[in-house]
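**Student:** Take a look at this one; I'll ask things after.
The values are calculated or read from the model by the stated rules, or taken from the named source; none is laboratory data. Not measured: the values here are computed from a predicted model. We place every Cβ from the backbone using ideal geometry, glycine too, and count neighbours over all the protein chains shown.
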Amino acid sequence: MTIYFDTETTGLIPGRIIQLSYVMEDGDNLTAKNFFFAVDYVPEESVKIHGFTAEKLAVLSGGKTFSDYADEIQNDFLSASVIIAHNVNFDLSFLTAEYSYLDEIFKYNTAVDSMKYYTPIIKLPRKSGGYKYPKLSEVAEFLDVYTYDVSKKCIELFGKGSLSAHDARYDTTLLYLCMKDCKIDSQAV
């Protein structure tokens, strides 16, 4: 099984995960999960990116925190042979932090970074030489993955909800559509 995932967070430095979404692909079977987590505080600069305030998260999460779902999440991630995210080390640093707050260790098998996977394929020049890491939107543009297709698949996987970037459901769906046909065995990070 492969898990494609994304997080929305309280900032760039590991603090709290406020949303975690993932798609589990097992052969032809696709299932998706989305979690919102209640937190005490979300910095304004983060709210400007994803739009989730602490008050909004309290409602969306039903008052549940990461700890309420930690066992379920860990079981899902351990059951996957590969987990994939765009800039995977960012997301893993937050997952690691969340489990450390619980005095636990986040465990997974193999992680793949779609950002690093596509860098030598897309070959976007960097001013200082070499190639820059592509944004997920640049990967989508390169692959002709269109907003309509992402929105349609997002509704199919997660039901109604936010259908724009910086909602982990949308970004996870976009990631899945960009990576689903890739041969990634030797691309582990």
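**Student:** In region 119-152, what residues are at positive phi and either touching a strand residue (DSSP E or B) at 6+ places or on another chain (Cβ under 7 Å) or of a type in the set (S, T, N, Q) (or both)?
**Tutor:** Within region 119-152, just Lys123 meets the criteria.
**Student:** Right, something else. Read through the list (1) among the charged types (D, E, K, R); (2) modelled with pLDDT under 95; (3) part of a loop (DSSP other than H, G, I, E, B), then give the number of the only condition that Asp103 fails.
**Tutor:** The one condition Asp103 does not meet is (2).
**Student:** Name the single residue, out of those in region 108-161 being among the charged types (D, E, K, R) and part of a loop (DSSP other than H, G, I, E, B), that is farthest from Ile83 (Cα to Cα).
**Tutor:** Once the filter is applied, the top-ranked residue is Lys127.
**Student:** Just need a number here: residues in region 41-83 that are closer than 29 Å to Val139 by Cβ, surrounded by 14 or more Cβ atoms within 10 Å (Cβ to Cβ) and hydroxyl-bearing (Ser, Thr, Tyr).
**Tutor:** Result for region 41-83: 2.
**Student:** Cβ-Cβ under 8 Å, sequence separation 6+ or interchain: first residue in region 57-84 and on the phi > 0 side of the Ramachandran plot, partner surrounded by fewer than 17 Cβ atoms within 10 Å (Cβ to Cβ) and modelled with pLDDT under 95. Which pairs?
**Tutor:** If the second residue must be surrounded by fewer than 17 Cβ atoms within 10 Å (Cβ to Cβ) and modelled with pLDDT under 95, no pairs are left.
Conditions (1) buried (at least 16 other Cβ atoms within 10 Å of the Cβ); (2) among the acidic types (Asp, Glu); (3) in contact with a Gly (Cβ under 7 Å, 6 or more places away or on another chain), marked per residue:
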{"position": "Tyr118", "(1), (2), (3)": "yes, no, no"}
{"position": "Phe142", "(1), (2), (3)": "no, no, no"}
{"position": "Cys154", "(1), (2), (3)": "yes, no, no"}
{"position": "Arg169", "(1), (2), (3)": "yes, no, yes"}
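**Student:** So which residues in region 105-118 are more than 18 Å from Leu174 (Cβ to Cβ) and either among the β-branched types (Val, Ile, Thr) or in contact with a strand residue (DSSP E or B) (Cβ under 8 Å, 6 or more places away or on another chain) (or both), if there are any at all?
**Tutor:** Ile105, Tyr108, Asn109, Thr110, Ala111, listed by residue number.
**Student:** Still on this structure: When the residues of region 84-97 are filtered to those that are crowded, with 17+ Cβ neighbours inside 10 Å and touching an Asp or Glu at 6+ places or on another chain (Cβ under 9 Å), which remaining residue is nearest to Thr10 (Cα to Cα)?
**Tutor:** Ranking the qualifying residues of region 84-97, first place goes to Asp91.
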